[in-house]
1. From the list 322, 270, 332, which residue is in contact (Cβ under 8 Å) with a residue 40 or more places away in the chain, part of a strand (DSSP E or B) and touching a Pro at 6+ places or on another chain (Cβ under 8 Å)?
2. I need the full set of residues from the range 273-313 which are open to solvent by less than 40 Å² (accessible area, probe 1.4 Å), over 25 Å from residue 128 (Cβ atoms) and assigned to a helix (DSSP H, G or I), in order please.
3. Looking at (1) within 29 Å of residue 204 (Cβ to Cβ); (2) in contact (Cβ under 8 Å) with a residue 40 or more places away in the chain, which is the one condition that is false for residue 119?
4. Can you list the helices (runs of 4 or more DSSP H) found entirely within the range 45-102 that contain at least 1 residues being within 24 Å of residue 145 (Cα to Cα) and among the small types (Gly, Ala, Ser)?
5. Out of (1) out of contact with any helix residue (DSSP H, G or I) (no Cβ under 9 Å at 6 or more places or on another chain); (2) of a type outside the set (A, V, I, L, M, F, W, C); (3) in contact (Cβ under 8 Å) with a residue 12 or more places away in the chain; (4) farther than 21 Å from residue 163 by Cα, the odd one out for residue 254 is which?
6. Select from the range 123-137 the residues that are hydrophobic (A, V, I, L, M, F, W, C) and within 12 Å of residue 205 (Cα to Cα) and list them in ascending order.
7. Restricting attention to helices (runs of 4 or more DSSP H) lying wholly within the range 133-219, give those where 1 or more residues are under 19 Å from the mean Cα position of the chain (by Cα), within 30 Å of residue 321 (Cα to Cα) and modelled with pLDDT of 95 or more.
8. On the given criteria, is residue 107 in a helix (DSSP H, G or I) and over 23 Å from residue 251 (Cα atoms)?
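The values are calculated or read from the model by the stated rules, or taken from the named source; none is laboratory data. Bear in mind that the values here come from a model prediction, so they are computed numbers and not experimental data. Note that each Cβ is placed from the backbone with ideal geometry, even for glycine, and that neighbours are counted across all protein chains shown. Protein only, heavy atoms only, side chains kept; ligands, DNA and RNA dropped before computing areas. Shrake-Rupley method; radii C 1.70, N 1.55, O 1.52, S 1.80 Å.
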Amino acid sequence: MHDADTEAMTRLQQAFTARDTVQGWAAAAKALALLGAVRDAGLMTVLDGGDLPDLAARTGIGEAQARDVVTVLAAMGVVTHDDGRLGLTPAFGVLARGRSAVSLDSLLDQASAEIEETRRALTVPPGHPPDGAAALALAATTGVRVDRAAIALYRSVHDAVPEFSGPLAAGGTLLDVGSGVGGALLTTAVLFPAARATGVEVIAAVAEETRRRAAELGVADRVEVRTGDAAELTDEAVYDVAFWAHPFFADTLRARTLGAVRRALRPGGVLLMQELHPPAGDAAPDLATAQEVLLHRRRGITYARSAEDLIREAAANGFDPVRIARTPLGRVVLAARPTTAGEEDPDD
């Protein structure tokens, strides 16, 4: 074979490799599109105990095409098809029936919003966090619903940080900064019935959803949810403990937010921050991580701050470092507002 032929064959093989990669991405996109179409058409109940004639009748696509759809959904791990009956797999059954701390609706909505956000990465500069429906979808996926499993998980986390949970057990006050849909806020309120809590959330639709969930849980009399910028908090020495959902705050807001939280805590009050995405080191990121870095950068947020970074950041903004603790949700940082009478405000 001539050298030119060899080079041509090499190029063709490389093209085939790239084609296979793109087709793999396309297969995932098509799976997501089909599941979204099923959800949007209200067909999850048909898949959860119906049969092929039911699906064909509801959609008008005919039984042969309905069978093809079910075959794809089965290959995706969404449904089973035994003896003519359709059924959701155990995992998707829990997800679709709303029997877990996360929901299929919120996952699909988040995926749709982030696909569009990724599409805009080449046309819109950084500093544009999600808002409205996109922010609500992201918050709903990130923040768990309060159920038995969530309560058990958060109880084990609180057991690992007595500096934080002790004041709440004694009827203290909690400030939750960036409370989202209230996964941590409301679960903590349920766990500590004598405690009172205030959540601060900048997106109005997200704050309203948190209020609705608080009312549904019967804790609205002990949980206040404010809509606004946490950096503008004017509370002075009110709270015993605070939790800051720092991974969702733009870099430009972090110092001002930490200053507001420090002032809102009583002297000696404890701030808790979670290392949500442990740093990956020097290894090249995988596709999912690279996508997350891209989206975070668009939102003006540094991705994957380490616990060590967080405790240094707290110290630089007027907190006394307490410790880094390991919990079932990963590492968390504990820092405290100084108790000394002459504490200085780094903002001054």
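1. On the way: 322 fails: touching a Pro at 6+ places or on another chain (Cβ under 8 Å); 332 fails: touching a Pro at 6+ places or on another chain (Cβ under 8 Å).
Exactly one residue qualifies, and that residue is 270.
2. 307, 311
3. (2)
4. Details: elements: 52-59, 63-75, 90-96.
Filter on the range 45-102 gives 90-96.
5. That leaves (1) as the condition not met.
6. At the first step, the residues of the range 123-137 found to be hydrophobic (A, V, I, L, M, F, W, C) are 124, 133-137.
Matches in the range 123-137: 133, 134, 135, 136, 137.
7. Working: elements: 148-159, 162-169, 183-191, 204-217.
Because the criterion is at least 1 residues that are under 19 Å from the mean Cα position of the chain (by Cα), within 30 Å of residue 321 (Cα to Cα) and modelled with pLDDT of 95 or more, the helices (runs of 4 or more DSSP H) in the range 133-219 that meet it are 148-159, 183-191.
8. Numbers: in a helix (DSSP H, G or I): yes; over 23 Å from residue 251 (Cα atoms): yes.
Against the criterion (in a helix (DSSP H, G or I) and over 23 Å from residue 251 (Cα atoms)), residue 107 qualifies.
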